[in-house]
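Some notes on the structure that comes next.
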Amino acid sequence: MGKRLAKKVLVIGWDAADWDIINPLMEKGLMPTLEKFINQGVMGKISTLDPPLSPMLWTSIGTGKTAEKHGILGFSEPNATTQTIRPVSVTSRKVKAIWNILTHENYKTHLVGWWPSHPAEPINGIAVSDMFTKMDKSQESCPFRYNEDCIHPQELYDTFNNLRVHPSEITGSHIFPFVPNADKVDQEKHKWIQTISTLLSQCATVHNSATWILENKEWDFLGVYFDTIDHFCHAFMKYHPPKMDGIDQEEFDFVNDVVNSAYRYHDMMLERYLQLAGDDATIIIVSDHGFHSGVLRPKTLPNDPASPAFEHSQYGIIAMKGPGILKDERIYGASVLDITPTILSLFGLPVGKDMDGKVLVNAFDEKVVPEFIDSWEDVEGNFGMHPIEMRDNPWASVDAMNQLVELGYVEAPTEDNKENIKRVVNESNYYLALTYSFKKEYDLALPILEKLVAENPETIRFLMRLASCYQYMGNNIACRRAIEKLRTLDSKTIPHLDFLEGSLLLGENKIRKALEMFKSAEKSVPHFPNLHLQIANTYFKIKKFDLALGAYSKAFQINPDSPNVHHGMGVCYLRMDKYEEAIDELLTAVGFLHFFPAGHYHLGEALMKNGNYEMAEQAFLVSISQSPGNKRAHQWIIKLYKEYLGTPEKAIYHENFIKNNIKGTITIVSGLPRSGTSMMMQMLNAGGLEVLTDNVRQNDDNNPKGYLEFEKVKRLHLDNSWLQEADGKLVKVVAPLVMSLSNDYNYKIVFMLRDMDEMIRSQQKMLGKLDDGSKSSYPVALIEAFKKQLEKADIWLKSMPNVSFIYVNYTDVINSPEEQIENLNSFFDNELDTDKMLSQVDSSLYRNKSKELQK
Amino acid sequence: MSEDKKSEIPKFNIPIEGSLGLLALGAIGYIAWKKKREESKLKESNSTVNTEKDGKAIS
């Protein structure tokens with residue numbers, strides 16, 4: 001066991017709390033307790049997961065694991081026994097939570113209101129489930145009792161029941177601080193007062209329960225969860241200043257301060273927790289996501305069960321204080337997955353290697369080295385969980401129940417129930433696919449989304465996510481098919497589809513077309529997240545750094561916390577030789593996201609160019625530790641050691657690493673004969689790439705500028721030992737042979753395409769078999785064979801992990817050389833001399849135009 | 001559960017109509033407010049009984 005850093009830990013969950021609301025309140029002195037709290041500890045933003053749905057996120061916070069592992073997939077789940085649906089329950093959680101682990105370690109462990117935590121688990125302390133605060137319609141009259149399963153141990157049920165606050169107990173004294181003119185509200189027309197009463201009573205029930213435990217019981221750990229801020233925001237954020245278009249002025253005047261009041265009330269409650277917990281406790285305040293305010297508030301919400309998530313923003317809050325925690329400092333790069341690993345370390349317990357989060361080591365004032373265990377799931381003993389017969393996989397149970405229905409053992413559910421269960425199963429599968437997509441496990445997301453779309457072909461969001469999944473997996477054809485289908489289904493999605501198609505085009509290095517799509521999307525959804533980032537990335541690719549910076553600034557206005565935005569701005573400044581500005585932005589980027597190899601790499605480059613050599617060394621070393629295969633980072637650090645730091649001995653390790661571990665890169669121009677491969681070789685050579693050629697094949701009338709070929713390529717399928725000669729160079733390989741390239745290298749392939757008719761005519765002419773115009777002379781079989789070769793090559797190009805490629809159409813190069821060169825330059829990371837490339841395009845050599853073009 | 005403890009009770013005002021501050025105190029505030037309301041109810045009902053005895057009108 002490691003060193004115990006905390007005597008006791010109090011975790012206060014504020015669903016949807018966001019610094020964008022808190023900071024202005026603190027500046028006005030309206031959240032004094034939280035302000036004092038963060039002065040005594042650390043604060044930062046915490047990144048959420050996708051989908052940002054609270055039951056899934058709070059389970060991730062409590063387990064350190066993503067949803068495909070913990071098994072909570074949305075708001076509802078099927079109740080296989082009754083063949084109905086029910087709110088998600090803790091019996092469906094597949095893994096141990098922090099309160100289970102602490103129970104096993106014999107700590108006094110309490111939990112109040114966590115979502116989901118019903119039925120209350122038999123932990124080593126008190127558990128008050130999330131259902132305890134909820135009240136169904138049948139219980140609207142006082143007094144009420146709820147299911148004893150809400151409380152563990154059940155003998156405390158009456159104690160807690162006496163702490164429950166009913167909405168009817170909320171008086172004007174509670175309401176007026178939220179709505180100063182509450183007495184003038186037309187309560188027939190507006191349900192504001194009723195909503196506030198319900199939310200306040202539920203909040204007070206949770207607060208009473210948690211404070212009663214702290215007042216009356218010994219404790220090592222208490223987790224208390226409030227959904228109140230989230231619910232206030234969903235109901236009243238549209239009235240929060242500045243006034244949104246379309247909001248009635250009178251309504252705005254009545255309730256524009258409700259959101260602020262909700263936060264202030266939480267500050268008041270926090271004061272009580274600080275009194276009760278004492279200075280020797282470690283206290284963590286955390287939210288699961290933020291909440292859009294200002295211009296990012298959606299004007300409308302889609303009509304689907306996950307629509308509340310559209311109001312949630314990417315970053316929530318984390319604040320932490322206690323013995324051993326830094327004071328008045330910011331922490332960066334926290335994720336909701338980090339809470340459980342951090343609590344384990346606070347108790348000196350090992351972190352599960354199967355957890356997805358990390359220990360927030362940068363919050364401590366001494367070096368903390370976390371200990372690890374393979375998995376807490378393998379540890380036996382009493383973890384305060386429900387007995388195995390109570391725990392089940394509700395999704396599997398539905399399958400089992402369906403089978404029993406089919407076998408005739410169980411009566412079939414009613415049509416309504418059947419429909420409800422199907423809907424809930426679809427939702428959970430959708431959220432599972434989103435979880436896989438978030439983790440970039442697209443191969444696991446794909447079959448789920450394909451099945452959902454097959455069964456629900458008209459459901460926009462399923463198809464939209466499938467299209468994105470295809471895009472990430474590089475299946476552009478399927479992605480475009482999905483986009484086309486979506487365009488016929490709902491015109492409201494068009495801006496998002498333009499964005500998606502623009503991203504596809506950008507991935508294909510079709511810069512101008514991509515920009516057109518993004519600009520089209522911008523007209524309809526100017527505040528669409530990531531749109532300006534993509535526009536900026538596009539300008540960056542074509543070295544228009546001023547325009548890129550302008551677009552990054554727009555992205556910054558929407559999301560000032562995006563590490564990608566700061567990284568983009570930093571690299572722009574770097575390329576503009578503004579090193580101080582670059583360093584500032586890149587430091588911010590890696591501050592927001594520590595695991596960011598490209599960020600550290602560019603920071604190293606900026607520091608080096610600015611003469612900060614020691615700091616540059618550190619940045620490169622971090623980048624290399626995060627991405628050991630980055631050859632350029634090794635090359636920079638070798639240069640640094642040899643030329644600037646006077647420590648050439650340190651360079652040896654990196655030289656050997658490159659030699660032994662990093663594959664070389666060969667650039668290939670490929671295509672069928674007479675598709676413009678020689679012209680492309682000339683262009684790239686002029687652009688600055690070194691060509692591997694033996695000049696055995698000399699120029700002739702068919703190719704007056706020369707072929708730039710290498711004889712050994714012809715035997716590539718028999719002997720590829722010469723490839724080492726091509727390392728770092730450009731070589732021409734005819735299409736059918738491209739599949740014989742070995743896996744020992746990375747390849748950048750420019751694949752030439754040309755109208756098949758033109759290509760065949762050109763080949764025939766070259767061979768002296770001039771087309772006499774008769775049908776019999778047209779080589780149909782040959783064309784079919786070539787088409788098959790192109791199909792095979794296409795499959796190979798897309799399937800090889802060591803291959804990046806770009807298709808270039810010969811006719812496009814002739815007709816719009818600037819645009820094609822721009823695309824090529826983007827593919828080669830802007831390292832080509834585009835003016836010299838342009839000089840190589842000679843339209844007079846375009847001699848075998850298709851009949852279409854000759855007209 | 002044997003590990004009960006006694007925590008310090010803060011001093012606070014308890015208006016009969018309650019207040020956000022009282023609610024923010026948590027269990028101790030809520031219990032005290034509830035008690036105050038019950039006492040007030042009792043007082044009210046006692047005063048009603050007394051006025052009935054006095055033969056005055058019931059408001």
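A few remarks follow.
- Answer residue from region A:422-464, given it is within 24 Å of residue A:502 (Cβ to Cβ) and surrounded by 21 or more Cβ atoms within 10 Å (Cβ to Cβ) and is nearest to the chain's Cα centre (by Cα) among those: A:437
- Screening residue A:323 on (1) within 18 Å of the chain's Cα centre (by Cα); (2) more than 29 Å from residue A:153 (Cβ to Cβ) shows it passes everything except condition (1).
- Counting residues in region A:83-93 that are at pLDDT 95 or above, within 25 Å of the chain's Cα centre (by Cα) and assigned by TED's automatic domain parsing to the domain that holds residue A:323 gives one or more.
- Here residue A:334 clears all of (1) of a type outside the set (Asp, Glu); (2) in contact with a Leu (Cβ under 7 Å, 6 or more places away or on another chain); (3) modelled with pLDDT of 95 or more except the condition numbered (3).
- Region A:488-537, residues that are among the basic types (Lys, Arg) and in a loop (DSSP other than H, G, I, E, B): A:510
- Selection status of residue A:291, away from chain B (no Cβ under 14 Å), without any contact (Cβ under 8 Å) to a residue 40 or more places away in the chain, among the aromatic types (Phe, Trp, Tyr) and in contact with a helix residue (DSSP H, G or I) (Cβ under 8 Å, 6 or more places away or on another chain): no
- Within region A:204-224, residues that are more than 9 Å from chain B (Cβ to nearest Cβ) sit with their Cβ atoms under 6 Å from residues that are part of a helix (DSSP H, G or I), at 6+ positions apart or across chains, in these pairs: A:221/A:102; A:224/A:210.
- Selection of region A:155-177 for residues being part of a loop (DSSP other than H, G, I, E, B) and either within 7 Å of another protein chain (Cβ to nearest Cβ) or among the hydroxyl-bearing types (Ser, Thr, Tyr) (or both) yields A:163, A:165, A:171, A:177.
- Matching option when the condition is assigned to a helix (DSSP H, G or I) and in contact with a His (Cβ under 7 Å, 6 or more places away or on another chain), among A:548, A:555: A:555
- Qualifying residue in region A:237-252 (condition: assigned to a strand (DSSP E or B) and more than 12 Å from every other protein chain (Cβ to nearest Cβ)): no
- For region A:1-114, the strands (runs of 3 or more DSSP E) that sit wholly inside it and include 3 or more residues that are within 20 Å of residue A:226 (Cα to Cα) are A:8-14, A:42-47, A:109-112.
One line per residue, one yes/no per condition, for (1) under 39 Å from the mean Cα position of the chain (by Cα); (2) surrounded by 22 or more Cβ atoms within 10 Å (Cβ to Cβ):
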residue	(1), (2)
A:670	yes, yes
A:675	no, yes
A:694	no, no
A:697	no, no
A:707	no, no
A:717	no, no
A:721	no, no
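- Number of the condition not met by residue A:577 [criteria: (1) assigned to a helix (DSSP H, G or I); (2) at pLDDT 95 or above; (3) not hydroxyl-bearing (Ser, Thr, Tyr)]: (1)
- Residue check for residue A:512: free of Cβ contacts under 8 Å to residues at least 60 places away in the same chain and more than 19 Å from the chain's Cα centre (by Cα): no
- Hits in region A:650-681 - residues which are assigned to a helix (DSSP H, G or I), touching a residue at least 60 places away in the same chain (Cβ under 8 Å) and of a type in the set (Val, Ile, Thr): A:677
- Residue match in region A:591-612 (condition: under 24 Å from residue A:725 (Cα atoms), surrounded by 21 or more Cβ atoms within 10 Å (Cβ to Cβ) and either among the polar types (S, T, N, Q) or touching a Lys or Arg at 6+ places or on another chain (Cβ under 9 Å) (or both)): no
- Of all residues in region A:136-154 being at pLDDT 85 or above and within 41 Å of the chain's Cα centre (by Cα), the one that is nearest to the other protein chains (Cβ to nearest Cβ): A:153
The values are calculated or read from the model by the stated rules, or taken from the named source; none is laboratory data. No experiment lies behind these values; they were computed from the predicted model shown. Note that each Cβ is placed from the backbone with ideal geometry, even for glycine, and that neighbours are counted across all protein chains shown.
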